Amino acid sequence: MADPFYLTTAIHYPNGKPHIGHAYETIAADVLARFHRLMGREVRFQTGTDEHGLKMAQKARDLGMTPRELADEMSGHFRELFDKLGITYDRFIRTTDDDHHQASQEIWRRMAKKGDLYLDRYEGWYSVRDEAFYDESELSEGEGEEKLSPQGTPVEWTAEETWFFRLSAYQDKLLALLNDYPDFIRPESRRNEVMRFVESGLRDLSVSRTSFDWGVKVPEADGHVMYVWVDALTNYLTGLGFPAETEEMAKFWPADLHLIGKDITRFHTVYWPAFLMSADIALPKQVFAHGFLLNKGVKESKTLGNVTDPGELVELYGVDVLRYFLLREFTFGQDGSYSPEAIVNRANSELANAFGNLGQRVMSFIAKNCDGGFIAEAEVTAADAELREKVRKACAEELPAQFEKLAFAAGIEAWMQAVYACNAYVDEQAPWALRKTDPERMRRVLATLCGCIRDLAIAIAPVIPEASAKILDVLSIPDGERDYAALANDIALGPITIDNPKPVFPRLNLPESDAG
């Protein structure tokens, strides 16, 4: 039995409705979760919402709501979107959940027991939007006298009594972690950034607030709530039942992968490992920080009026098309840009014209000319064997190898080359001509193609699950034979049955607002 696999996204901050960036990260995580399930691994996949902090309290006040009312409403929008996107999470965690408060207070107590927490006064720069403290040396000048964080967000001077975490005591241990385990942070560019930050010297971190009360209460410290990142990061443990010694904790911790956006790398690769070291808890195996998703090359913002509702993209193009485009169009880990034109072009050229057309013309031909099914008895030729091997290698070796590395675009490219090879084989073999001249050979050609289409549909199922399932249904492939292990079984040698083929990828047109 393959090893268990525990995968998390960052939990999303619900001070507004979900945007395309939330969809991008969560789709990528879902593809990875589905992929590992098809590889035979027991997968635990967690996502959710990060609902505490000053930003939520201020937003709720501006709207005339309580923070809890705002959190309930916005968290519901995230769940609704993830259902629409076909996200197969095992737990949708909310940091307002009771068990999460208990987990956060336990990790606090363990850090206190280690002697890593002390009470002092904090004075310094704080970004409400980032929920992050910044050193003077990290700031840049904005308009007027405004100062900006490295993320370009406004900072304000804050002074209050807070608890501090002895982050400075973990500098050497963190450097050793980064040096001894170079794959702890990926891609390498992110690792290099974190290495420079740690090498520059770590200061102790303020980890409680008294200026507001929307958060997890600090144990035995009236008036203090935890700094939102202490509580947010702990969610990865909460979902497994921490602090109880549960079966899930024993099986799935340490996490195999935290999948996050590059703007929160520091919290996950400096603060989080230090908290865990302090609490004597094993560290996650890897943190992967992906890039930003840009709208026609520009970062989305409410000011520019270019914020995209991912639910509307699903309505326009379909969920499988959106999932495919986001992982196919650019290298995962780098910034990527999307536009209606790019989505439509990619969907039409590859899904409709290449893969969709391959399946539809082969299966429709069988339905019309073979009474919906047949047994192929003619011998396999060199051309048949060559195609089957090319498709098998792409589906069972190349795509999985790339997906293991989160190189989604490269894996899909290998798969796409196999699709093109199948279409070339159809044109070369011309089953419509063989129908009159050599029916036995025609059946062998069609059986070879059905075997290839079956393999292609299984391999790409993590990315386009709805369409793949429809194709496998038409081929009458049993549910238990739709994982990567099934790719070793050559259905081209068995009976073929086709049931009611219908196009799964109709060609798309640009929305009128973008076509002009």
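Probing with 1.4 Å while keeping every protein chain in the model, the per residue accessible area of the range 357-472 equals 38 Å².
Computed in the context of the full set of protein chains, the accessible area of the range 1-70 at 1.4 Å probe radius has 49% of its extent on carbon or sulfur.
For the chain, what is the relative contact order in percent, using Cα pairs closer than 8 Å and at least 6 residues apart in sequence? Before the final figure, lay out each step's value.
Working: 832 pairs, mean separation 79.1, N = 516.
Once divided by the residue count of the chain, the mean separation gives 15 percent.
Taking the accessible area of the range 250-366, probe 1.4 Å, and keeping the other protein chains in place, the carbon and sulfur fraction comes to 50%.
Keeping all protein chains in place, calculate the accessible area per residue for the range 1-141 (probe 1.4 angstrom), answer in Å².
On the way: 5610 Å² over 141 residues.
That works out to 40 Å² for each residue.
Once you keep just the Cα pairs under 8 angstrom separated by 6 or more residues, what percentage relative contact order results for the range 241-323?
Working: 59 pairs, mean separation 22.1, N = 83.
Relative contact order comes out at 27 percent.
The charge dipole of the range 299-349, taken about its Cα centre with unit charges on the Cβ atoms of Lys, Arg (+1), Asp and Glu (-1) only, comes to about 140 debye.
Spatially, the range 285-335 and the range 94-153 are offset by 28 Å when compared through their Cα centroids. Computed about the Cα centre, the dipole magnitude for the chain is approximately 1120 debye when only Lys and Arg (+1) and Asp and Glu (-1) carry charge, each at its Cβ.
Residue by residue, the range 336-341 carries 3J(HN,Hα) couplings of x, 10, 10, 7, x, 4 Hz when phi is fed to the Karplus relation 6.51 cos²θ - 1.76 cosθ + 1.60 (θ = phi - 60°); x denotes Gly or Pro. How many percent of DSSP beta bridges within the range 244-399 run antiparallel, rounded to 5? For the range 244-399, the DSSP antiparallel bridge percentage is about 10.
Just the ratio, please: alpha-carbon radius of gyration of the chain over 2.2 N^0.38 Å, N its number of residues. Before the final figure, lay out each step's value.
Details: Rg = 26.2 Å, N = 516, 2.2 N^0.38 = 23.6 Å.
Relative to the 2.2 N^0.38 Å estimate, the chain comes out at 1.11.
Here the range 2-20 and the range 396-437 have alpha carbon centers that stand 32 Å from each other.
In the range 378-516, carbon and sulfur make up what percent of the accessible area (probe 1.4 Å)? Carbon-and-sulfur percentage of accessible area, whole number: 51. Relative to the current alpha-carbon distance between Glu143 and Ala469, full extension at 0.36 nm per residue lengthens the span by 112.0 nm. Sequentially through the range 344-350, phi angles give Karplus couplings (6.51, -1.76, 1.60; θ = phi - 60°) of 5, 5, 5, 5, 5, 6, 9 Hz, Gly and Pro residues having no value and appearing as x.
Here's the list of lysines a cross-link from Lys299 could span, going by alpha-carbon distance under 26 Å and ignoring same-chain residues fewer than 8 apart: Lys17, Lys55, Lys59, Lys84, Lys147, Lys262.
Ligands, DNA and RNA aside, Val216 has an accessible area near 0 Å² when probed at 1.4 Å.
Basic side chains Lys and Arg get +1 at the Cβ, acidic Asp and Glu get -1 at the Cβ, and with that the dipole of the range 91-246 about its Cα centre reaches some 640 debye.
Using the Karplus relation 6.51 cos²θ - 1.76 cosθ + 1.60 with θ = phi - 60°, the per-residue 3J(HN,Hα) values for the range 23-31 come to 5, 4, 4, 6, 4, 4, 5, 5, 4 Hz, with x marking Gly and Pro.
Just the C-alpha atoms of the range 45-85: what Rg/Rh do they give, with Rh taken as the Kirkwood radius? Don't jump to the answer; show the numbers that get you there.
Numbers: Rg = 11.4 Å, Rh = 10.9 Å.
Rg/Rh for the range 45-85 comes to 1.04.
The Cα atoms of the range 190-314 cover 48, 38, 38 Å along the three principal axes, with the biggest extent listed first. Under Stokes-Einstein, with the Kirkwood radius over Cα pairs as Rh, the value for the range 371-516 at 20 °C and 1.002 mPa s is 132 µm²/s. Projecting the Cα positions of Val43, Thr210, Leu167 onto the charge dipole of the chain (unit charges on Cβ atoms of Lys, Arg, Asp and Glu, taken about the Cα centre) puts Val43 furthest along the positive direction. When Rg and Dmax are taken over the Cα atoms of the range 72-179, they come to 18.8, 48 Å.
If you count only protein heavy atoms with a 1.4 Å probe, what accessible area per residue comes out for the range 207-332, rounded to a whole Å²?
Details: 4400 Å² over 126 residues.
Counting only protein heavy atoms, the per-residue value for the range 207-332 is 35 Å².
Specify the inter-centroid distance of the range 359-379 and the range 167-246, based on alpha-carbon positions, in whole Å. The two parts, judged by their Cα centres, are 59 Å apart. Scattering from the range 168-230 was approximated by placing one identical point on each alpha carbon and applying the Debye formula without solvent; log10 I(q)/I(0) at 0.29 1/Å stands at -1.13.
The values are calculated or read from the model by the stated rules, or taken from the named source; none is laboratory data. None of these values were measured; they are calculated from a predicted model. Note that we place each Cβ from the backbone using ideal geometry, even for glycine, and neighbour counts take in every protein chain shown. In case anyone asks, the SASA skips ligands and DNA or RNA and just uses the protein heavy atoms, side chains included. Shrake-Rupley method; radii C 1.70, N 1.55, O 1.52, S 1.80 Å.
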